[in-house]
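The values are calculated or read from the model by the stated rules, or taken from the named source; none is laboratory data. Only a predicted model underlies this, so the values are computations on that prediction, with no experimental measurement involved. Cβ: placed from backbone, ideal geometry, glycine included. Neighbour counts: every protein chain shown.
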């Protein structure tokens, strides 16, 4: 992408493909546990619908429900808060087995 394109509004500069994925997510932040629902997911992060989003920069542990096996446990950081929707989060330092499970999940979803 050239420098002239970098400032274009609305240009999607995501590094990873995002797939629609609706799943229950448990957010563990300190001693608090919150509920959310994912609406899309990628190898880099996910969008969470929640009425109680955390703030940009907040780090937490998420447990994402998957159809096979235990929930996927991923450390996250809030990158964007979207009013009346929820928050966009980035995954932090996925362990190799969790990265593999996440990749397999995404590859199984319709493109």
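Data overview
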| item | result |
| --- | --- |
| Unique residue being over 23 Å from residue 110 (Cα atoms) and surrounded by 15 or more Cβ atoms within 10 Å (Cβ to Cβ) when the list is 75, 96 | 75 |
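Let's see how each residue does on (1) touching a strand residue (DSSP E or B) at 6+ places or on another chain (Cβ under 8 Å); (2) surrounded by 13 or more Cβ atoms within 10 Å (Cβ to Cβ); (3) modelled with pLDDT of 95 or more:
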site: 18; (1), (2), (3): yes, yes, no
site: 36; (1), (2), (3): yes, yes, yes
site: 42; (1), (2), (3): yes, yes, no
site: 46; (1), (2), (3): yes, yes, yes
site: 79; (1), (2), (3): yes, yes, yes
site: 87; (1), (2), (3): yes, yes, yes
site: 110; (1), (2), (3): yes, no, no
